[in-house]
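Let me begin by presenting the structure, written as structure tokens, before commenting on it.
Just so it is clear, none of the values below were taken in a lab; they were calculated from the coordinates. This is a predicted model, so every value here is computed, not measured. Cβ atoms come from the backbone with ideal geometry, glycine included; neighbour counts cover every protein chain shown.
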Amino acid sequence: MQSTPQELLRWAIEEFGHSFAVTTSFQKEGMVIVDMAARIDAKVRVITLDTGRLPDETYAMMETVRERYGIRVEAVTPKNPEVEAMTLLHGPNLFYREDSLRKLCCEIRKIRPMNSLLDGLKAWAVGLRRSQSDSRAEVEEKQQVGERFKLSPLAAWTREQVEEYTAANHVPVHPLYARGYSSIGCGPCTRAVKAGEDERAGRWWWEQDVDKECGLHVTPDGRMRRALDVLLEEVLTARNA
Ligand code: SF4
């Protein structure tokens, strides 16, 4: 029988303890999971990626989580020498220029720090839902990734279910939703969506015909990976120079 989100979270908390964490950028789905997990274990770990380009409202949400749940959010940050080398080579707003530079920025600011974080975990939970976009249509509730488990407790949920749980449990809501955002990430790469647009349309809105993922959830195609590898190697060489 299919587990409920709470049953899945309880299993992970009991099985892995401090080696389990909720990772979130404080979107509605992530906050529902934080709320559910905190009801199971008030000491559950909550981790966020502080890319250095987050909107002020996201930092405010870290304070809100601390006040509401008594949870000290752990912030994982990119390595300064890598960020410095990347911005020296390509400028601070490289992501607007081309797709491969945008993915380079996500690689340095998100994926590499996330990989370091996962080294210390046996399981982690994220807020993905299958109905968010085509690229998330295959998301599983429990996925074994190497030796770890990636949990998406809300994989089968609809947006309406998220809204209902949020309202019924008075879960804190990121302030940018009130300004028309439906997906929240880095400040320069996220905008409000218009009526009828896809939920993920506000992410990297200037890009056409590419996946709207940062690489944390999908593997870039081979061509992009090669372009990214070249750019990454340049940055890592400059970092060591
Ligand atoms: S979302 Fe934008 S600013 Fe954030 S890491 Fe990716 S490209 Fe860089």
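What to note about this one:
- In the chain, the longest principal axis of the Cα atoms and the axis of helix 28-40 are about 50 degrees apart.
- Residue-averaged 222 nm ellipticity for the chain, from DSSP H runs of 4+ at -39500 (n - 2.57), nearest 500: -12500 deg cm²/dmol
- Where labels lie 7 Å past Cα in the beta-carbon direction, separation of residue 98 and residue 238 in nm: 1.4 nm
- J(HN,Hα) series, segment 227-240, from Karplus relation 6.51 cos²θ - 1.76 cosθ + 1.60, nearest Hz, glycine and proline x: 4, 5, 4, 5, 5, 5, 4, 4, 5, 5, 5, 5, 4, 8
- The chain: antiparallel DSSP beta bridges as a percent of all, rounded to 5: 30 percent
- Proximal charge balance of residue 108 [Cβ under 14 Å; K/R count +1, D/E count -1]: +1
- Only Cα pairs under 8 Å and 6+ residues apart enter the sum, and on that basis the relative contact order of the chain stands at 23 percent.
- Linear extension gain, residue 179 paired with residue 164, 0.36 nm per residue minus alpha-carbon span: 3.4 nm
- Extents of the chain, taken as max minus min of Cα coordinates on every principal axis and listed largest first, are 49, 41, 35 Å.
- Computed E for residue 19/residue 206 - FRET, C-beta separation, R0 51 angstrom, nearest 0.05: 0.85
- Note, ³J(HN,Hα) from phi for segment 185-190, Karplus 6.51, -1.76, 1.60, rounded to Hz, x at Gly and Pro: x, 5, x, x, 10, 9
- Dipole of the chain, positive end: most advanced residue of 5, 92, 181 [Cβ charges, Cα centre]: 92
- Between the amide H of residue 193 and those of 181, 182, distances stay under 5 Å, these residues lying 5 or more places away or on another chain, with hydrogens modeled in the peptide plane.
- Amide H contacts of residue 142: 152, each under 5 Å away and 5 or more positions distant or on a separate chain (H built 1.01 Å from N in the peptide plane; Pro and chain starts excluded).
- Number of Lys-Lys pairs in segment 5-240 with C-alpha atoms under 21 Å apart and a separation of 8 or more places or on different chains: 19.
- Phi angles of segment 9-15 translate, via the Karplus equation with coefficients 6.51, -1.76, 1.60 and θ = phi - 60°, into HN-Hα couplings of 5, 4, 4, 5, 5, 6, 6 Hz per residue; Gly and Pro are given as x.
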